[in-house]
1. Return yes when Lys216 is of a type in the set (D, E, K, R) and either buried (at least 17 other Cβ atoms within 10 Å of the Cβ) or farther than 27 Å from Lys91 by Cβ (or both) and no when it is not.
2. Go through the stretch 113-129 residue by residue and tally those that are open to solvent by less than 20 Å² (accessible area, probe 1.4 Å) and within 20 Å of His205 (Cβ to Cβ).
3. Name the residues in the stretch 82-102 that are of a type in the set (A, V, I, L, M, F, W, C) and open to solvent by 40 Å² or more (accessible area, probe 1.4 Å), would you?
4. Does the stretch 27-38 hold any residues that are assigned to a helix (DSSP H, G or I), closer than 11 Å to Tyr14 by Cα and touching a residue at least 24 places away in the same chain (Cβ under 8 Å), and which are they?
5. Pairs needed: first member in the stretch 89-104, farther than 13 Å from Ala220 by Cα and in contact (Cβ under 8 Å) with a residue 12 or more places away in the chain; second member anywhere, outside any loop (DSSP other than H, G, I, E, B) and not aromatic (Phe, Trp, Tyr); C-beta distance under 8 Å; at least 6 residues apart or different chains.
6. Applying the selection to the stretch 105-154, what residues are among the aromatic types (Phe, Trp, Tyr) and outside any helix (DSSP H, G or I)?
7. Looking only at the stretch 60-76, how many residues end up being over 14 Å from Lys24 (Cα atoms), out of contact with any Leu (no Cβ under 9 Å at 6 or more places or on another chain) and either modelled with pLDDT of 95 or more or of a type in the set (A, V, I, L, M) (or both)?
8. Any residue in the stretch 133-140 that is more than 18 Å from Ala218 (Cβ to Cβ) and in contact (Cβ under 8 Å) with a residue 60 or more places away in the chain?
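The values are calculated or read from the model by the stated rules, or taken from the named source; none is laboratory data. This is a predicted model, so every value here is computed, not measured. Note: ideal-geometry Cβ built from the backbone for every residue, glycine included; neighbour counts use all protein chains shown. With ligands, DNA and RNA removed, areas are computed over all heavy atoms of the protein, side chains included. Shrake-Rupley method; radii C 1.70, N 1.55, O 1.52, S 1.80 Å.
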Amino acid sequence: MSIEQMSFLTRSEYPLNILRELEKQSLRKSELQTAISSSPSRPTVRRILSTFEEYGWTQDNGGYQQITSAGTRILERYSDAETSIKQLIEKAPWVQRLSPEDATFPVQELADAELVVSKPTRPSSALWTAIKLFDRSISRFRVVCSIYNPMLFHGYRGLLELGVESEAILDLQTYANTTKNPYTHFVVDESAYSNYQPFVLDYEHTLGIGIYDDRKVAVAGYNEFGDGKHIAMIISSNDKLVEWAISLYESYRVQAHPPTIQSSNSI
């Protein structure tokens, strides 16, 4: 399918409406005029059908216009593109906060994702949502954290105390802030819990990932380093988004190292 063919469906309201009508049922040319609510003229219908036949999207079958398999495929591809554009617009606050190398998510699957955005009037909405995602029924939890927030850390400490197998990857600044406060030092203490392993990145980041078993994910982007003001986050149990988030987590996991290595270096 060429760009010219795809663009033909968008030149006016008629081509797409006619092809979608033929997907429902075969019709005579004269019947298409009344079947389309916007009532295209006969010359318009004929011209559009002529182009459809040229592209192989429809064929004449005993005086009836019939959609072909190629016509069905073009509608599917148009629908996918339409969904992608819609989701990029709806989820723009989140997409805009992801770095280009992280924005490899399957766009169409965002339709299943919940969007949470913090605002000047509700600066803690995303963080409170993250705390409420605490799930004591899970058996494994993995997280990338680029925000220093003692309340968030202690909210999830309950998972460690329940024996849930856990990993945490901290960006460099979050690690530095955590080690300075005895109240949060457990986050980087490899000996604090036998079921917990912390890791450190050698740089600052603006990304957050929470993986609840292999069935739910929360992925957040921040528009500045440090305390993560104005966070945008998606939450999803969509299999493809979960798979993407796990793959993204693993890409940072191979870059990270235990805090015992980091502690030998100055920050």
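1. Yes.
2. Residues in the stretch 113-129 being open to solvent by less than 20 Å² (accessible area, probe 1.4 Å) and within 20 Å of His205 (Cβ to Cβ): 3 in total.
3. Ile85, Leu88, Ile89
4. Leu32
5. Filtered contacts from the stretch 89-104: Glu90/Leu110; Glu90/Leu115; Thr104/Leu248.
6. Residues satisfying the conditions are Phe105, Phe134, Phe141, Tyr148.
7. Summing the residues that are over 14 Å from Lys24 (Cα atoms), out of contact with any Leu (no Cβ under 9 Å at 6 or more places or on another chain) and either modelled with pLDDT of 95 or more or of a type in the set (A, V, I, L, M) (or both) in the stretch 60-76 gives 1.
8. Among the residues of the stretch 133-140, not one is more than 18 Å from Ala218 (Cβ to Cβ) and in contact (Cβ under 8 Å) with a residue 60 or more places away in the chain, which makes the answer no.
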